Every structure is written in structure tokens, then in C-alpha cells.
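Step one of this worksheet: look at the structure below.
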Amino acid sequence: MFAKEGLEGVVAARTGLSLIDGEKGRLSYRGYSIHELAEHSSFEEVVHLLWYGELPTRAQLDQTRRDLSSQRGLHADAVEILRRFARDASPMDMMRTVVSALAIHDPDVHESTRESNLRKGIRLTAQLPTIVTAHERLRKGKDPIPPDPGLDHCANYLYMLHGRKPEALSARALDVAMILQMDHGLNASTFAARVTAGTLADLHAAVTSAIGTLKGPLHGGANHDVMVMLRTIGEVDRAAEFVRMELLQKKKIPGFGHRVYRTMDPRAPILRSLAERLGKQMGQEKWFQISVVIEKTCKELKNLNPNVDFYAASVYYLLGFEMDLFTPIFACSRAPGWIAHVIEQHTDNRLIRPLEEYIGPPERPYVPIDKRA
Ligand SMILES: CC(C)(COP(=O)(O)OP(=O)(O)OC[C@H]1O[C@@H](n2cnc3c(N)ncnc32)[C@H](O)[C@@H]1OP(=O)(O)O)[C@@H](O)C(=O)NCCC(=O)NCCS
């Protein structure tokens with residue numbers, strides 16, 4: 001029997017990581033509401049929660065912080081690839097390529113035990129922001145900024161981008177945005193990671209698949225498209241008319257709609273409040289004001305709600321990221337989730353191999369080449 005197009009409604013894995021209630025608009029990681037984690041937690045703490053199943057003690061959190069901050073440096077060959085392709089490659093292509101290359105020298109590449117996956121997971125999670133920021137600086141003709149081991153993961157991300165320690169609100173905004181995107185059930189990139197891991201391929205192979213899958217505009221690419229839209233609109237009083245015209249032409253508004261949520265994506269209001277606070281602090285309230293009008297118009301005209309990407313776009317923009325770095329930030333955020341899923345998959349593996357419904361011609365005799373029309 002044929003399942004729905006796009007596997008909608010099909011349960012294809014068991015997970016103890018995140019629970020989404022699409023009807024009520026709720027999301028939790030290992031039983032903790034995303035609202036509480038966004039309020040009280042940090043990137044490192046949520047990484048620990050996903051990988052080890054429980055919130056860390058203070059000593060465990062310090063250890064996770066140390067583990068991550070000590071592994072941020074890239075192998076010289078990875079830096080060489082970045083230098084070689086910095087000007088030509090898009091950031092997502094660069095990230096996918098460097099992650100793939102990092103497997104070459106990884107001491108655990110041939111092992112997929114829980115312990116070796118955790119060691120590789122630390123290295124990958126720690127190094128992704130180094131890849132993004134080194135590429136960004138190299139393509140602008142600047143030298144990469146070495147990581148500062150004294151800074152937490154997200155503060156260091158901004159530090160490697162700008163070369164100065166970030167304001168507390170900026171570092172916290174990135175921290176919260178990255179927590180909110182860390183896991184989300186069997187989304188397309190996580191599914192890709194699990195399918196790859198399900199063949200017993202290694203973690204780098206799975207994360208490479210996931211990065212490739214995240215790139216598309218129906219998934220991680222939407223946050224970039226949101227900012228393009230905000231800049232195209234440019235002024236608050238043009239926003240409502242712009243949305244009306246797009247919807248009339250049956251175009252999709254980036255950052256709206258969701259396969260699972262039938263109501264508001266619970267991550268969106270948290271990011272909305274961050275976008276507002278950051279905009280105020282930086283004296284750049286226009287993007288938030290345009291966004292609010294778009295949200296109101298989408299609701300009125302098509303009962304559409306914003307998803308995680310909508311307000312994330314203006315948050316990233318205000319933090320000084322170029323627009324084509326938005327999807328890479330999403331990848332850096334989702335990577336610990338992918339890694340947790342690969343560990344789950346490897347723990348109790350069964351090859352993921354669904355069936356297909358054949359719709360081609362019936363079986364027929366082979367025609368020799370000189371008898372073909
Ligand atoms: C996320 C997304 C791919 C989900 O798609 P889906 O589950 O396949 O839902 P559909 O595309 O079938 O949409 C269902 C209906 O809502 C409409 N819709 C969904 N998202 C819309 C959007 N962003 N803008 C305008 N209309 C939208 C569709 O046009 C369709 O309307 P119809 O029944 O009148 O034809 C889709 O909402 C989308 O393309 N959003 C924009 C990209 C985006 O923000 N992606 C990030 C997701 S986190």
C-alpha cells in the first residue's frame with residue numbers, strides 16, 4: 001500500500017530525543033520544554049542533555065564545556081581546503097566538503113561505538129563554527145581568527161566572526177537560537193543522517209548527508225530566503241501589500257507553514273522576542289517591524305503561522321552574519337541533534353529501506369540498438 005507523498009504521517013524511527021506536539025504547538029527535548037531550556041539553559045548544557053539523556057551536574061557541564069572548547073581548531077588540511085575554495089564555494093557547500101574531509105584524519109573514523117561517536121561528535125560540533133567563520137573571513141581576504149578557549153561556544157562563534165568579544169545580549173541571542181534548533185524529530189536532514197547511519201556508515205558520512213539535505217529552501221535554506229524577502233520589502237508600509245501580492249500569485253512566503261505544526265511553531269515566539277530586543281538594543285527596529293506586519297498579514301489572509309526560520313533570520317542579521325551564513329548557523333545548531341540521532345540509530349540499528357510503488361512500463365523484451373526507432 002502506498003504511503004502518503006513525502007512520507008507524511010509515517011512513523012519511521014523511535015527516538016528518546018525530542019517530542020513534538022504539532023496540534024498543541026509544543027516541543028521538548030528529553031522531557032524538558034523548549035521554553036524552559038531557552039530561558040535557563042546554554043548550548044553546552046543542551047548538548048549534554050541530548051547526548052547523555054540528563055541535564056548535567058555542574059562538574060559534567062564544566063567537562064562538556066572543556067571538551068568542546070579544546071577541540072575547536074581545524075586540521076591543517078581542512079584549513080588548506082578552506083583557503084583553496086574560499087572565494088568560489090558557497091558556505092553550505094564549503095561546510096559539507098570540509099566535514100567530509102575531516103573524516104580523513106579523524107582517529108575514530110572506522111569506529112561507530114557510542115564512545116567513539118561521542119568523541120567525533122565533540123570534534124564536529126566544536127569545529128563547525130570554526131569552518132563557517134574561517135571561510136567567511138578568507139573569502140573577504142582576511143585571516144581566520146583563532147578560537148578563544150575562554151569563551152563559551154556561541155560567544156566564541158561571534159568572536160571568530162567579528163574579532164571582538166560579543167555583547168552579552170548578542171551571545172545569549174545566538175545561544176538561545178542554537179538551542180531552539182538543536183533537534184526537531186525526524187526532519188529531513190535528521191532523517192538523511194539516520195538513513196546514512198542505518199547502513200552502518202560512520203558519523204562523518206551521516207553528518208555530510210545531513211548538511212546536504214539541510215541546504216534546500218524547503219528546509220534550512222528558508223532563513224536565508226526570509227532575509228532576502230525582508231530586504232526586498234525594505235520599508236514597513238510596503239510589507240502588507242507585498243505579502244498580499246505574493247499570496248495572490250500562489251507563491252510561498254519563506255518562514256511560514258510547517259509539515260508538523262498545525263498551530264504556531266513554539267520556537268517562533270521565543271525568536272520573535274529576541275529579534276525585538278536585539279533590534280531595540282542595536283537601534284535597528286525596522287526588520288522586526290516589517291516581520292510583525294508580514295506575520296499579521298499571513299495570518300489574516302491564509303491562516304499561516306511563522307516557523308522557526310522567520311524570526312531567526314532577523315536575529316542572525318542583527319548579529320552581523322551575512323545572509324548566506326544563516327543556513328550554516330542552522331547546521332551548527334542542528335549538528336548535536338544529528339549526532340544524537342546517529343548514536344541512537346547505531347545503538348539499535350536496522351537498515352532503513354522503505355518500499356516503492358513502481359509506476360514505469362510493464363516488463364518488455366529488450367530491443368537491439370539497430371531495431372530502435
Ligand atoms: C514547510 C513547508 C515545506 C511544509 O510544506 P507541506 O507540509 O508540504 O505543506 P504544503 O506546501 O502542502 O502547504 C499546505 C497549504 O498551505 C500553503 N502554504 C504552506 N506554507 C506556505 C507558505 N510558506 N506560504 C504560502 N502558503 C503556504 C500551501 O500553499 C498549501 O495551500 P493550499 O492547500 O491552498 O494549496 C511549506 O510550508 C513551505 O514551503 N514553507 C516555506 C519554506 C519554509 O519556511 N521552510 C522551513 C520549514 S521549518
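The values are calculated or read from the model by the stated rules, or taken from the named source; none is laboratory data. All figures in this text were calculated on a predicted structure; none of them were measured in a lab. Neighbour counts run over all protein chains shown; Cβ positions are idealised from the backbone, glycine included.
Of all residues in the stretch 8-58, exactly one satisfies the criterion of being in contact with a strand residue (DSSP E or B) (Cβ under 6 Å, 6 or more places away or on another chain), β-branched (Val, Ile, Thr) and not in a strand (DSSP E or B), namely Ile34. Within the stretch 263-282, restricting attention to residues that are more than 15 Å from the ligand (Cβ to nearest atom) and among the polar types (S, T, N, Q), the residue that is nearest to Arg26 (Cα to Cα) is Ser273. Does Gly320 satisfy the criteria of being under 26 Å from Leu37 (Cα atoms), modelled with pLDDT of 95 or more and not in a helix (DSSP H, G or I)? Judged against the criteria, Gly320 is a match.
All told, Leu174 falls short of being farther than 28 Å from Arg26 by Cβ and away from the ligand (no atom under 14 Å from the Cβ).
So that you can scan it fast, the table gives a plain yes or no per residue for (1) over 24 Å from Glu167 (Cβ atoms); (2) in a helix (DSSP H, G or I); (3) over 14 Å from the mean Cα position of the chain (by Cα):
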{"position": "Val292", "(1), (2), (3)": "no, yes, yes"}
{"position": "Thr297", "(1), (2), (3)": "yes, yes, yes"}
{"position": "Phe310", "(1), (2), (3)": "no, yes, no"}
{"position": "Ser314", "(1), (2), (3)": "no, yes, yes"}
{"position": "Ile339", "(1), (2), (3)": "yes, yes, no"}
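The set of residues from the stretch 175-202 being small (Gly, Ala, Ser) and crowded, with 24+ Cβ neighbours inside 10 Å comprises Ala177, Ser189, Ala193, Ala197.
The rows are residues; the columns are (1) surrounded by fewer than 19 Cβ atoms within 10 Å (Cβ to Cβ); (2) charged (D, E, K, R); (3) modelled with pLDDT of 95 or more.
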{"residue": "Gly31", "(1), (2), (3)": "yes, no, yes"}
{"residue": "Glu36", "(1), (2), (3)": "yes, yes, yes"}
{"residue": "His40", "(1), (2), (3)": "yes, no, yes"}
{"residue": "Glu44", "(1), (2), (3)": "no, yes, yes"}
{"residue": "Leu50", "(1), (2), (3)": "no, no, yes"}
{"residue": "Ala76", "(1), (2), (3)": "yes, no, yes"}
{"residue": "Met95", "(1), (2), (3)": "no, no, yes"}
{"residue": "Ser100", "(1), (2), (3)": "yes, no, yes"}
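Selection within the stretch 75-99: residues that are within 21 Å of the chain's Cα centre (by Cα) and outside any helix (DSSP H, G or I). The member of this set that is nearest to Ser41 (Cα to Cα) is Ser90. No other residue among Tyr311, Tyr316 is farther than 22 Å from Ala126 by Cα and more than 10 Å from the ligand (Cβ to nearest atom) apart from Tyr311. Picking from residues in the stretch 262-295 that are among the hydroxyl-bearing types (Ser, Thr, Tyr) and touching a helix residue (DSSP H, G or I) at 6+ places or on another chain (Cβ under 9 Å), the one that is surrounded by the most Cβ atoms within 10 Å (Cβ to Cβ) is Ser291. Give Arg65, Arg30, Arg87 a once-over and let me know the one that is on the phi > 0 side of the Ramachandran plot and touching a residue at least 24 places away in the same chain (Cβ under 8 Å). Result of the check over Arg65, Arg30, Arg87: Arg30.
I'd like to check something: does the stretch 323-331 contain any residue that is within 11 Å of the ligand (Cβ to nearest atom), part of a helix (DSSP H, G or I) and crowded, with 24+ Cβ neighbours inside 10 Å?
Within the stretch 323-331, one or more residues are within 11 Å of the ligand (Cβ to nearest atom), part of a helix (DSSP H, G or I) and crowded, with 24+ Cβ neighbours inside 10 Å.
Taking the stretch 217-262 as the range and being under 30 Å from Leu102 (Cα atoms) and more than 9 Å from the ligand (Cβ to nearest atom) as the test, only His224 passes.
Does Leu50 satisfy the condition of being in the same structural domain as Asp106 (by TED's automatic domain parsing), within 16 Å of the ligand (Cβ to nearest atom) and touching a residue at least 24 places away in the same chain (Cβ under 8 Å)? For Leu50, the condition - in the same structural domain as Asp106 (by TED's automatic domain parsing), within 16 Å of the ligand (Cβ to nearest atom) and touching a residue at least 24 places away in the same chain (Cβ under 8 Å) - is not met.
The single condition from (1) buried (at least 16 other Cβ atoms within 10 Å of the Cβ); (2) touching a helix residue (DSSP H, G or I) at 6+ places or on another chain (Cβ under 8 Å); (3) more than 15 Å from Asp175 (Cβ to Cβ) that Gly16 fails is (1). Taking the criterion of being of a type in the set (Ser, Thr, Tyr) and within 15 Å of the ligand (Cβ to nearest atom), the only residue of the stretch 207-216 that qualifies is Thr213. Apart from one condition, His204 fits all of (1) within 16 Å of the ligand (Cβ to nearest atom); (2) in contact (Cβ under 8 Å) with a residue 60 or more places away in the chain; the exception is (1). Looking only at the stretch 78-93, count how many residues are small (Gly, Ala, Ser) and surrounded by 23 or more Cβ atoms within 10 Å (Cβ to Cβ). Matching residues across the stretch 78-93 total 0.
Remark: pairs (first residue in the stretch 154-181, aromatic (Phe, Trp, Tyr); second residue not in a helix (DSSP H, G or I); Cβ separation under 6 Å; 6+ apart in sequence or on different chains) = Tyr159/Asp148; Tyr159/Leu151; Tyr159/Lys165.
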